[in-house]
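Heads up, the thing below is written out as structure tokens.
The values are calculated or read from the model by the stated rules, or taken from the named source; none is laboratory data. Bear in mind that the values here come from a model prediction, so they are computed numbers and not experimental data. Glycine also receives a Cβ, built like all others from the backbone with ideal geometry; neighbour counts cover every protein chain displayed. Side chains are part of the model used for accessible areas, which takes the heavy atoms of the whole protein and leaves out ligands, DNA and RNA. Shrake-Rupley method; radii C 1.70, N 1.55, O 1.52, S 1.80 Å.
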Amino acid sequence: MAQSCNLDLVNTQNSTIRSLFLEGPAGRLEALLNAGSESATYAAVVCHPHPLFGGTLHNKVVFHTMKALNSFGFPVLRFNFRGTGLSQGEHDQGRGEIDDVGAALDWLNAEFHLPLVFAGFSFGAAVGLRAACSDMRVKALIGVGTPVGPVAADAETPRTYTFDFMEDCAKPKLFVSGARDPFGPRAKLEALIALAAKPKKLVVIDGADHFFEGRLRELKETIEGWVKETLSSEPSATC
């Protein structure tokens, strides 16, 4: 029978980083894997912000989100969406990118056979939450800087992301945003939280903008605190 796990921070300062390519639906996807501990209870993926505005797997918010998850010994995968960096294919305005997230989850599942955690920043949250909510292998979700306000999809076309699917997403969910995030107005964030199925939590970091400039430590600590509180109480077959 599955038991609950007590999650503690582990020293992953010297953990290895593996460079690889995933087989995605539009071609190979460039990726990095931060190795976890031998006793890892979860594996995780972190998705990057909008590629047309410089978003890649090397983004600082993505990196600190990865560090928060890796601090529990979870192996954490970051990858470039189609058409970004060395990834093949072309940007698909958030449609095909949902399938890219699915390919990353497939790879993690095949590699580690562990329950999965999803995290995404900005565009990565918008497309990744949609993929992860419907994937039974994913047990917890984290949206960072979730774009609930209009965002330019390219130089001329504004795009508004929809999150109606959250109404049926009964997995534990954390949303972290900056109080000064123009793409995450407080009222719209609270409306999203009201729509989403339980369990759910919203944390708004005072003074933080969309990229959490000067507040990355608070972001990391917020994610670590929620993971410890939430996943320690989740049943896991690995304990």
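When you check Val10 against the structure, is it under 22 Å from Leu231 (Cα atoms) and within 19 Å of the chain's Cα centre (by Cα), yes or no?
Details: under 22 Å from Leu231 (Cα atoms): yes; within 19 Å of the chain's Cα centre (by Cα): no.
No: the conditions fail for Val10.
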How many residues, within region 105-120, are in contact with a helix residue (DSSP H, G or I) (Cβ under 9 Å, 6 or more places away or on another chain) and either within 11 Å of Val45 (Cα to Cα) or of a type in the set (Lys, Arg) (or both)?
6
Return the residues of region 83-113 that are touching a Pro at 6+ places or on another chain (Cβ under 8 Å), part of a loop (DSSP other than H, G, I, E, B) and at negative phi; say none if nothing qualifies.
Thr84, His91
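Starting from residues that are out of contact with any helix residue (DSSP H, G or I) (no Cβ under 9 Å at 6 or more places or on another chain) and farther than 18 Å from Asp8 by Cβ, keep the ones in region 53-72 and report whichever is least open to solvent (accessible area, probe 1.4 Å).
Going through region 53-72, the residues out of contact with any helix residue (DSSP H, G or I) (no Cβ under 9 Å at 6 or more places or on another chain) turn out to be 54, 58, 66, 70.
Adding the requirement that they be farther than 18 Å from Asp8 by Cβ leaves 54, 58, 66.
Numbers: Gly54: 62, His58: 118, Met66: 0 Å².
Result: Met66.
Just for region 36-46: of the residues that are touching a residue at least 24 places away in the same chain (Cβ under 8 Å) and open to solvent by 30 Å² or more (accessible area, probe 1.4 Å), which one is farthest from Thr65 (Cα to Cα)?
We begin by selecting, within region 36-46, every residue touching a residue at least 24 places away in the same chain (Cβ under 8 Å); these are 36-37, 39-46.
Cutting the leftovers down to open to solvent by 30 Å² or more (accessible area, probe 1.4 Å) gives us 36-37, 39.
Working: Gly36: 15, Ser37: 17, Ser39: 21 Å.
Once the filter is applied, the top-ranked residue is Ser39.
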Open to solvent by 40 Å² or more (accessible area, probe 1.4 Å), at pLDDT 95 or above and under 17 Å from Phe74 (Cβ atoms) - does that describe any residue in region 201-223?
yes
So, Asp106, is that one in contact with a Leu (Cβ under 9 Å, 6 or more places away or on another chain) and either open to solvent by 10 Å² or more (accessible area, probe 1.4 Å) or modelled with pLDDT under 95 (or both) or not?
yes
Residues in region 192-211: is at least one within 26 Å of Ser134 (Cα to Cα), assigned to a helix (DSSP H, G or I) and more than 18 Å from the chain's Cα centre (by Cα)?
yes
Take Ala31 and tell me if it is surrounded by 21 or more Cβ atoms within 10 Å (Cβ to Cβ), in a strand (DSSP E or B) and of a type outside the set (Val, Ile, Thr).
yes
Of the residues in region 27-47, how many are within 18 Å of the chain's Cα centre (by Cα) and within 16 Å of Gln88 (Cα to Cα)?
4
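May I ask you to verify whether Thr84 is in contact (Cβ under 8 Å) with a residue 40 or more places away in the chain, under 21 Å from Cys133 (Cβ atoms) and among the polar types (S, T, N, Q)?
Details: in contact (Cβ under 8 Å) with a residue 40 or more places away in the chain: yes; under 21 Å from Cys133 (Cβ atoms): no; among the polar types (S, T, N, Q): yes.
When the stated conditions are applied, Thr84 does not pass them.
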Output for Cβ contacts, cut-off 8 Å, separation at least six or different chains, first residue touching a residue at least 12 places away in the same chain (Cβ under 8 Å) and farther than 19 Å from Lys139 by Cα in region 187-204, second in a strand (DSSP E or B) and open to solvent by 30 Å² or more (accessible area, probe 1.4 Å), reads Leu189/Leu202; Leu189/Val204; Glu190/Leu202
